[in-house]
Ligand SMILES: [Zn+2]
Ligand SMILES: [Zn+2]
Ligand SMILES: [Zn+2]
């Protein structure tokens, strides 16, 4: 049974049944299977924040991925801080029941951590990988919030404490993961950032195109229909009435006896008059001024993990080949693949006219390939995915068990034809590597015709176990 662990600090204590107390530097020494979540006292929230940072910057998955709850007693903690935890418990309502309730609420996260092959011994040094893992373990859409307390203007509260001063920025890391198709982004907003210091706090101002001063004033132009005289509003103003300086008639109704065709600007510094002011931006942080097009415009996105990202969160970021394949061919999650299999099986059973085949492919020594290919890996994997693309059809459904094992449903394809496709795949792969390097990755293929008696789980399992 997992229990909450209250993290002790100099200024805090807790007296409640059903909770363990632990010192900050002991985190790594206990059996992580026993920990339901870390509970941090936020009475002095700056200290609590430090504790959270230490946890999230730890390299052991069993420590940094663990759920963290805040014990709070005031509502004055800044929004981007208070939302950085996995949940909050108010001190006044903190009792054994609530603590226990949270144990079951965060259980899915703990189970995800437990399923990792290296949760206890591993050390995740790559910040992008840590980010991918924490998003995957929470299984929610990561949404940014706005804040004036960070230069970036936007923060992803869950990620904030993971990043130390020496790490790449949060936005850059997320953009990288998205570019690798490990995360999917959903548009939230677009924002300008100072191209020099990255600050989101820019003053957009209208300025004089002649002397660049922003000491300018604007006025509306008025066009008098009767006499066609056009001048600034100020010239027409007589007390609280508008009177034409040329024909001396009073202007009463806009649209009837006059209109306002445009706005005119005056520079108070050089007396220049103009219609289109120059827009300039000044950074509140570093003070530099630039035209908006020379600042950095970025889309602010909310992120969810992709099917291939889930895979990479388990097996590592160098799951390059599956990333590329997913991009080129669209890989289905194993779950969706099984669903599709069931649909296809009932279709075959009902119409008794079609044959489709299940094809299981394993590349041996693909891990050695990475080392051999080094910088050329991406290029070669693109070629490899092109071979997949030419052999498979749009209607085929493909999933990746991991970096080296692929399952394909070839619709409307007999076992004999599937065999031929597999041969073409094999030939293409051999040719690619013969041309590129002196290396031939072994490949095993097994083909089963899809019929109602074929148990997909057993078939896949059998392939995984008996083909090494
Ligand atoms: Zn001027
Ligand atoms: Zn007039
Ligand atoms: Zn700046």
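The values are calculated or read from the model by the stated rules, or taken from the named source; none is laboratory data. Small disclaimer: the values here were computed from a predicted structure and weren't measured. Glycine gets a Cβ as well: all are built from the backbone with ideal geometry, and neighbour counts include every protein chain shown.
For the condition more than 16 Å from ligand 3 (Cβ to nearest atom) and in contact with a helix residue (DSSP H, G or I) (Cβ under 9 Å, 6 or more places away or on another chain), what is the one hit in 312, 302, 231?
On the way: 302 fails: in contact with a helix residue (DSSP H, G or I) (Cβ under 9 Å, 6 or more places away or on another chain); 231 fails: in contact with a helix residue (DSSP H, G or I) (Cβ under 9 Å, 6 or more places away or on another chain).
Exactly one residue qualifies, and that residue is 312.
Out of everything in the range 427-450 that is modelled with pLDDT of 85 or more and under 36 Å from the mean Cα position of the chain (by Cα), what residue ends up being nearest to residue 359 (Cα to Cα)?
Within the range 427-450, the match that is nearest to residue 359 (Cα to Cα) is 445.
For residues in the range 230-256 being more than 20 Å from residue 218 (Cβ to Cβ) and within 56 Å of the chain's Cα centre (by Cα), which is farthest from ligand 2 (Cβ to nearest atom)?
Within the range 230-256, the match that is farthest from ligand 2 (Cβ to nearest atom) is 255.
Anything in the range 198-227 that is within 16 Å of ligand 3 (Cβ to nearest atom) and surrounded by 13 or more Cβ atoms within 10 Å (Cβ to Cβ)? List them, or say none. Working first, answer last.
Let us first name the residues in the range 198-227 that are within 16 Å of ligand 3 (Cβ to nearest atom), namely 198-205.
Within the range 198-227, 198, 199, 200, 201, 202, 205 qualify.
Where residues in the range 163-188 are over 28 Å from residue 325 (Cβ atoms) and modelled with pLDDT under 95, which of them is surrounded by the fewest Cβ atoms within 10 Å (Cβ to Cβ)?
Only one residue fits best here, namely 165.
Which condition from (1) at pLDDT below 95; (2) under 14 Å from the mean Cα position of the chain (by Cα) is the one that residue 194 breaks?
Residue 194 satisfies every listed condition except (2).
May I ask you to say which residue of 300, 324, 308 is in contact (Cβ under 8 Å) with a residue 60 or more places away in the chain, outside the structural domain of residue 214 (by TED's automatic domain parsing), surrounded by 13 or more Cβ atoms within 10 Å (Cβ to Cβ) and in a strand (DSSP E or B)? Walk me through it before giving the result.
Numbers: 324 fails: in a strand (DSSP E or B); 308 fails: in a strand (DSSP E or B).
Going through 300, 324, 308 in turn, the sole match is 300.
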